């Protein structure tokens, strides 16, 4: 079985390559984020699957029967990916899933493809999370109010780093007695995330007293010092990661702390507190419950027991 390697076509793009290009074009037309298209679809199809097909003389979609497609999955498992590097089961699953999505699209487009690669069974992923006390310790270890506020927003709202960095001063929305952050993530998909009165007051104090008043940027969070442009430039995702890691080191937290861990922790803690998963998915910016169901399978029977007790105790109180 041929090793997965980059093989250059001698005469123009093959029919299979043109189909992959058309499929990725449709993904872009649907408004998927460029990072999602390139990482989750483009790389597996163009850099892994297509070279394997070329190395095995496969140029047309009608050559992709179930036996051939499963041979691709076996090659990933036994020979590794690009340059023969070993792949984790999660990577193999992701690459096979990308191929499955492409072949499903080919079938809808009327191409003669009757194959769906088998997806390898994944081991149960155990996620590290921070409990509320650890998030408090992380915040307390941050050196500035800007950094403390960033950690609190990540821990209390579950924002992705890109969403936090994209916040504008005008993205604090008041409605009646409620307040929200207007968040744009995942290719400008906008949502409103509730914030507590305490967090609202802290954000307003930061804007009034902590944020550089002479910054020309409309971003809520900017650098502590002037950048090369002479202005206080918007905070970047790498800047947020550095400040979170620095706070974790000062707090003595031995877990691998990063910005997405705070998002995982927010969602896990909300589920354990009994929040409705439909509401949580909306707050977290998930388009369906599928991601929550897959990623947060680490919640155990003790969590379900506690959730049931809270529900039953609430019903008992209402009947009294």
Kirkwood Rh over Cα pairs of region 132-263 into Stokes-Einstein at 4 °C, 1.567 mPa s: D in µm²/s? 86 µm²/s
Exposure-ranked with fewest Cβ neighbours within 10 Å first, 151, 279 stand as 279, 151
Quick calc: nm separation of the 7 Å Cα→Cβ label points for residue 224 and residue 178 -> 3.6 nm
Going by how many other beta carbons lie within 10 Å of each one, how would you line up 65, 231, 176, fewest first? 176, 65, 231
Label-to-label distance, nm, for residues given as residue 108 and residue 140 (7 Å Cα→Cβ offset): 5.2 nm
In Å, what Rg and Dmax follow from the Cα atoms of region 11-70? 12.2, 33
Cα atoms only: what Rg and Dmax, in Å, come out for region 15-108? 12.7, 36
What's the center-to-center distance, using Cα atoms, between region 139-173 and region 181-260 in Å? 4 Å
Quick check on the exposure proxy: order 129, 207 from fewest to most C-beta atoms within 10 angstrom. 207, 129
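Bear in mind that the values in this text are calculations on the coordinates, not laboratory data. Keep in mind that what you see is a predicted model, and the values were worked out from it rather than measured. Cβ atoms come from the backbone with ideal geometry, glycine included; neighbour counts cover every protein chain shown.
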